Amino acid sequence: MNISNLQKARAAYQPKLPKALQGPVKAVEGAPTQSVGNQAEIKELFPNTYGMPVITFQPGEPLALEPFNVGIILSGGQAPGGHNVISGLFDGVKSLNPANKLYGFILGPGGLVDHNYMEITPELMDQYRNTGGFDIIGSGRTKLEEEDQFEKGIQILRELGIKALVIIGGDDSNTNACVLAEYYAAKKYGVQVIGCPKTIDGDLKNEQIETSFGFDTACKTYSELIGNIQRDCNSARKYWHFIKLMGRSASHIALECALQCQPNICLISEEVEAKAMSLDDVVTYIAKAVAARAEEGNNFGTVLIPEGIIEFIPAIKKLIAELNDVLALPEAQSINSANEQLEFVKRNLSKENLNVFKSLPADVAAQLALDRDPHGNVQVSLIETEKLLSRMVADKLAIWKHKGLYKGKFGTQHHFFGYEGRCAAPSNYDADYCYSLGYNASRLIANGKTGYMSVIKNTTAPASEWIAGGVPITMMMNLEKRNGKMKPVIRKALVELDGAPFKYFAAHREEWAKQTEYVYPGPIQYWGPSEVCDQTTKTLQLEQAK
């Protein structure tokens, strides 16, 4: 394995741990819990793992434990810090008993089903500490949903003497972890399942989970790139840069990057939906800002666009909901070509939604009608929303110019920042946070817990003051429609329009739109003053008023 000088230097970094995890722990139990929605239905689906208490760890007495083995799975899209979750789990498991072993299942949940695994040795682990990516064992998107998968999994878990399985993933992956924990508990197989909250999108959070790991690093990476573009934008002064950012189901990344960079325009999907804005409303909002800057002689600017904004426009959201139902029909499964699928969709849409469908540019309408991702969702990352919006803004400005309402110039550049941030070397925050999540998972295992998410709280404070523990995954669940059926899933966290981060943004966006008040955050820093190197996201600081 080739190692860069940065990686060599970062390997020497020792992540910080909460005080409660720096020695033996005892688990302090809170009150019984219930799910965030559909309590009766979720309780019926998860009778063995529902209602468990929230756990908080405090310093305690050493536990005398027999040697045991643990399995680890990386599930879903990559996020900075995954290797540190594994290294924290590795060190935590070894600290309980040096004879304990950690096995990694290759390329995600599929590795468990297919019995594809490797032992993670000290020598291997040391090559990946504080590095980005998931390449130590790879990741995958196989969904653990079927009894046959669970039974194939238990075969290899028993063969390897694995007492507990840790699944690192987002809301869907941790929903699968919860289902697996319930199944093994119901069968009395004696295998624990623990989840860890991962997604750069930032939408796996609630009162118990302050932030999902990877969000901090990804936003800092994107903000560096946006800052670079804004500096170029302010130097050439001839382009409007339309920048699409990851975040299909929520706008947390776009909002955080706006707080860090102060662009001229940042769209927030949740606000678009709350205000029932049409596509034309969104285009008009951008065009007005472009025209206002042109009056000051500024024919340049930056626009941040959440990846999933198209799904939040109410008329299009309603269309997509019906499209999902239409494409789930049995007759749709035998369609062999894109043209056939388009015609099938048109025949089966209601009149209202068909009119919306026909009003869209042909390429966007076609994309909405194509095959779904493994979760049954429109593949919005393939829709070039940044180009769609800039094209429609250009058309509107041309009409205004013809009417004498606009006299500026409108040149554009387009960008989509997605994969650029998913495997970045973790920031100090994510390096520490992820290591703590993994180490904490080893303590949940030692205390016999299953169906829990590893959680670390109070993370705007120094790491020694962080609070470690676990929360039942069932507590986060409700029922939602997926692929035409109601299924138990972890509720996604959207940007709260009455929350402090959005309120701060809303209070400043008009001046950012008119003025050129760009901030250039620069690259992630690992060494230097704490005020540069160890900062959390603006989102977290504002949420906790720090």
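Laid out as a table, the results:
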item: Options ALA250, ALA254, ALA258: the member that is buried (at least 24 other Cβ atoms within 10 Å of the Cβ), assigned to a loop (DSSP other than H, G, I, E, B) and in contact with a Leu (Cβ under 7 Å, 6 or more places away or on another chain); result: ALA250
item: Scope segment 394-432; condition of a type in the set (A, V, I, L, M) and over 27 Å from ASP201 (Cα atoms); matching residues; result: ALA394, LEU397, ALA398, ILE399, LEU405
item: Test result for LYS546, at pLDDT below 95, among the charged types (D, E, K, R) and buried (at least 16 other Cβ atoms within 10 Å of the Cβ); result: no
item: GLY421 being surrounded by fewer than 24 Cβ atoms within 10 Å (Cβ to Cβ), closer than 28 Å to ILE226 by Cα and either free of Cβ contacts under 8 Å to residues at least 40 places away in the same chain or among the small types (Gly, Ala, Ser) (or both); result: no
item: Where VAL283 falls short, out of the listed (1) free of Cβ contacts under 8 Å to residues at least 60 places away in the same chain; (2) part of a helix (DSSP H, G or I); result: (1)
item: Options ARG158, ARG129: the member that is part of a loop (DSSP other than H, G, I, E, B) and over 20 Å from the mean Cα position of the chain (by Cα); result: ARG129
item: Filtered residue count, segment 300-338, keeping only those that are farther than 30 Å from TYR239 by Cβ and either touching a Gly at 6+ places or on another chain (Cβ under 7 Å) or acidic (Asp, Glu) (or both); result: 5
item: GLU510 in the same structural domain as ASN234 (by TED's automatic domain parsing), more than 30 Å from GLU295 (Cα to Cα) and either modelled with pLDDT under 90 or part of a helix (DSSP H, G or I) (or both); result: no
item: Strands (runs of 3 or more DSSP E) within segment 1-102 that include 1 or more residues among the acidic types (Asp, Glu) and closer than 22 Å to ALA218 by Cα; result: none
item: Conditions (1) of a type in the set (Ser, Thr, Tyr); (2) more than 30 Å from ALA425 (Cα to Cα); (3) exposed (fewer than 15 other Cβ atoms within 10 Å of the Cβ): number failed by THR516; result: (3)
item: Subset of segment 230-247 [among the hydrophobic types (A, V, I, L, M, F, W, C) and surrounded by fewer than 21 Cβ atoms within 10 Å (Cβ to Cβ)]; result: ALA236
item: Flag for GLU307 being under 31 Å from the mean Cα position of the chain (by Cα) and in contact (Cβ under 8 Å) with a residue 60 or more places away in the chain; result: yes
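The values are calculated or read from the model by the stated rules, or taken from the named source; none is laboratory data. Computed from a prediction, not measured in an experiment: that's the story for all the values here. Here the Cβ is made from the backbone with ideal geometry for all residues, glycine too, and neighbour counts use every protein chain on show.
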